[in-house]
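The values are calculated or read from the model by the stated rules, or taken from the named source; none is laboratory data. Model, not experiment: these values are computed from the prediction. Quick reminder, even Gly has a Cβ in these numbers, built from the backbone with ideal geometry, and neighbours come from all protein chains shown. Please note that ligands, DNA and RNA were not included when accessible areas were found on the heavy atoms of the full protein model with its side chains. Shrake-Rupley method; radii C 1.70, N 1.55, O 1.52, S 1.80 Å.
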Amino acid sequence: MDTIVRIPAALRTLTGGADEVTAAGATVGDVIEDLDKRHPGLKDRLLDEKGVRRFINIYVGEEDVRFTGGLATELKAGDQLSIIPAIAGG
Amino acid sequence: MSGWLRARRIESVVEAVGDTPLLRLRNVTKRASDVPVYAKLEFENPGGSVKDRAALRMIQDAQKDGRLTRDKILIDSTSGNTGVAYSLFGAALGIKVRLVMPSNVSKARKDIARAFGTEIVYSDPLEGSDGAIRLAKKIVDEDPGRYFYPDQYANPSNPLAHYHGTGPEILRDLGDRITHFVAGLGTSGTMMGTARRLKEHHRAIRCVAVEPDSALHGLEGLKHMASSLVPPIYDPRAHDEVFPVSTEDGWDMADRVAREEGLHVGHSSGANLFAAVRIAEELQAEGKPGCVVGIVCDRGDRYFSPLRWEKKYVW
């Protein structure tokens with residue numbers, strides 16, 4: 001199952017400039033693993049040894065995965081994943 | 001201690017801008033006991049951040065030369081603190097203010113800007129601060145006669161506020177002792193203006209620019225220059241060195257100065273103080289004398305939400 005993932009401007013150097021990419025997986029963690037295969041380096045930017053980095057929010061639809069089971073959050077067909085920096089910068 | 005002599009009876013909130021204290025850090029600097037580290041407490045400005053200086057100067061210069069008249073709306077893109085400053089001075093001076101900010105700016109700062117009667121226009125959080133800059137420009141281009149667009153990234157009044165304010169204050173308070181000055185790069189106004197003034201001093205003062213170590217970071221207010229729209233006021237020759245700091249190091253230092261110094265600062269200030277303490281430790285280790293000044297841009301309470309306290313929040 002392919003999930004659409006929205007990529008923030010700060011990470012688009014890793015996706016060839018694309019603001020939306022697709023990746024496959026049953027959970028948020030699986031999708032990030034697959035994302036990293038397709039766009040090497042992404043996983044490292046999003047996760048550290050403890051899970052999602054403190055200053056990054058990952059949303060499934062409107063829900064922050066921090067409150068829905070983290071990387072184990074299951075995805076349904078049609079779910080959209082958004083990677084949103086916790087802050088705005090600049 | 002010139003601070004003691006400062007008149008505290010003032011006629012307008014704009015007179016409360018600047019002349020901020022320098023606080024010597026005593027506890028996070030244990031490994032650099034012979035190299036004093038001072039934090040310049042910019043949260044003492046009436047809007048609570050270093051941005052008051054640039055915002056006020058941009059408004060006053062524009063009023064003087066007629067770019068800002070009573071019939072115009074002040075519009076700019078801002079990640080928050082500049083917006084608070086515009087809002088505050090707008091309210092005090094009778095200027096309408098409209099701000100463009102990415103919707104993931106902390107709720108606290110949206111609320112503060114609104115409290116002064118400011119209108120907020122949201123830009124796409126995925127596009128970051130550059131998206132806000134582009135949207136502000138678009139709005140102005142559609143009806144240029146209606147707006148005064150200070151454009152903090154390109155406005156020479158921004159660094160000038162620091163050339164005439166921050167720089168001379170530091171020299172007045174520390175005289176010949178200062179050897180290093182540390183400030184983060186956002187619009188770069190603080191570093192550009194202060195460094196230019198410090199470079200005129202008869203003895204060399206090393207100016208160190210703090211930058212996030214990667215494009216995707218959590219040091220709100222700072223810019224990773226290599227991956228950003230470079231501000232027209234930025235000149236990399238103004239400082240001597242760029243010091244990359246990771247989000248984690250910046251955040252951890254912000255926590256440390258709260259617990260060990262009683263100083264609750266924002267993340268960009270944490271990054272600045274991390275670099276300042278590291279520089280002092282290196283001087284100490286090499287047996288060299290020194291005196292380091294780091295900019296504390298704002299207080300940490302501006303960042304409570306949505307990062308830590310709120311489970312649910314509206315983008």
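Summary table
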quantity	calculated
Share of alpha-carbon pairs per 20 Å distance bin for chain B, given as whole %	34, 59, 7
√(5λ) per eigenvalue of the Cα gyration tensor, the stretch B:1-81, largest first, Å	34, 17, 9
Distance between modelled label sites at B:Gln60 and B:Ala258, nm, 7 Å Cα→Cβ extension	3.4
Exposure ranking of A:Arg12, B:Arg53 by accessible area [1.4 Å probe, largest first]	A:Arg12, B:Arg53
Calculated P(r) tail over 20 Å for the stretch B:62-213, as whole % of Cα pairs	55
Heavy-atom surface of the stretch A:2-73, accessible at 1.4 Å and reported per residue (Å²)	47
Delta accessible area of at least 50 Å² on complex formation, residues of the stretch B:214-246, 1.4 Å probe, chain isolated as reference	B:Leu216
Per residue Cα convex hull volume in Å³ - calculated over chain A	91
5 Å-binned pair-distance histogram of the stretch B:209-252 (Cα, whole percent)	5, 21, 32, 24, 13, 4, 0
Chain B: calculated mean residue ellipticity at 222 nm from DSSP helix runs of at least 4, using -39500 (n - 2.57)	-11500 deg cm²/dmol
Solvent-accessible ranking of A:Met1, B:Met253, largest area first, probe 1.4 Å	A:Met1, B:Met253
Convex hull of Cα atoms in the protein assembly as shown, direction-averaged projection (nm²)	20.6
Label-point gap, in nm, between B:Asp19 and B:Val242 - each point 7 angstrom along Cα→Cβ	3.7
As computed over the stretch B:39-86, the Cα convex hull volume per residue (Å³)	77
Chain B, accessible area per residue, ligands and nucleic acids excluded (1.4 Å, Å²)	41
The stretch B:1-144, relative contact order in percent, only Cα pairs under 8 angstrom and at least six apart counted	17
Listed residues B:Ala154, A:Thr68, A:Gly25: farthest to the positive end of the dipole of the protein assembly as shown (Cβ charges)	B:Ala154
Estimated buried accessible area (total), pair B and A, 1.4 Å, Å² to nearest 100	2500
Inter-centroid distance (Cα atoms) of the stretch B:58-80 relative to the stretch A:1-63, Å	40
Above-threshold pairs, the threshold being 19 Å between Cα atoms, out of B:Lys51/B:Lys137; B:Lys72/B:Lys137; A:Lys50/B:Lys107	B:Lys51/B:Lys137; A:Lys50/B:Lys107
Inter-probe distance in nm under a simple model that places probes 7 Å from Cα toward Cβ, at B:Arg9 and B:Ser214	5.7
Shape category assigned to the stretch B:51-148 from the gyration tensor of Cα positions, a/c cut at 1.5	oblate
Size descriptor, Kirkwood hydrodynamic radius, that averages inverse alpha-carbon separations across the stretch B:126-246, Å	15.5
